[in-house]
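Read the figures in this text as sums done on the coordinates, not as results from a lab. Since the model is a prediction, treat every value here as computed from it, not as a measurement. Cβ coordinates were reconstructed from backbone atoms using ideal geometry, including for glycine residues, and neighbour counts include every protein chain displayed.
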């Protein structure tokens, strides 16, 4: 099972409150584990301009203001920019994500966005969601997550609060019909 480039949609019975109604884009998945970014939980207490100021990166008048998200509980002080594939920073630090996206974890992308350049679409996540070998597969088997391809436009959609419902509707599921109880036939 390789879920790279797919999304996880938290089921209503998700036991971990950090992932309640989360939509997670899986950036990498292998036998060694999985890594993803929550794409629908903006950080209310941190703005992009505030983060740039903290890092000493000037925001140019033409600079862009992207949303800062809680990417997950692992390494919360580390930033990851999930972005469209129309921009590649010099050097290393960018990883291709299946589905036409890329993830950059270097300061170059922040500097480019602050100056008005960089990728056409971008989302900054602080921290990431990580799973050890077999852990994600066990959570899926336990009915903690639904998986599917990311519907067009979902990852960068402006309505973070509506992404969970939109992801479910993209699968043909009415969010109101989901139950927190799981069962097997």
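Before moving on, here are some points about what is shown:
- Label-zone membership for segment 76-116, site residue 55, 7 angstrom Cα→C-beta point, backbone N under 12 Å: 78-82, 104-115
- Inter-centroid distance (Cα atoms) of segment 107-133 relative to segment 1-65, Å: 9
- Segment residue 44-residue 85, extension gain: residue separation times 0.36 nm, minus the distance between their alpha carbons: 12.0 nm
- Förster radius 22 Å - calculated FRET efficiency between residue 95 and residue 138, Cβ distance, rounded to 0.05: 0.30
- Each residue in 140, 7 was given a count of other beta-carbon atoms within 10 angstrom of its own, and listing them fewest first yields 140, 7.
- Remark: 104, 94, 177, 147 ranked as 177, 147, 94, 104, counting other beta-carbon atoms within 10 Å and listing the fewest first.
- Global geometry of the chain, whether rounded, prolate or oblate, following the gyration tensor of its Cα atoms and the 1.5 cut on a/c: prolate
- Mean ellipticity per residue at 222 nm, deg cm²/dmol - from DSSP H runs of n ≥ 4 across the chain, formula -39500 (n - 2.57): -4500 deg cm²/dmol
- Extension gain for the segment residue 160 to residue 147, taken as residue separation times 0.36 nm less the Cα-Cα distance, is 2.8 nm to one decimal.
- Cα gyration tensor category, rounded, prolate or oblate, for segment 108-166 with a/c compared to 1.5: oblate
- Gain in span if fully extended, residue 105 to residue 30, counting 0.36 nm per residue against the direct Cα distance: 25.0 nm
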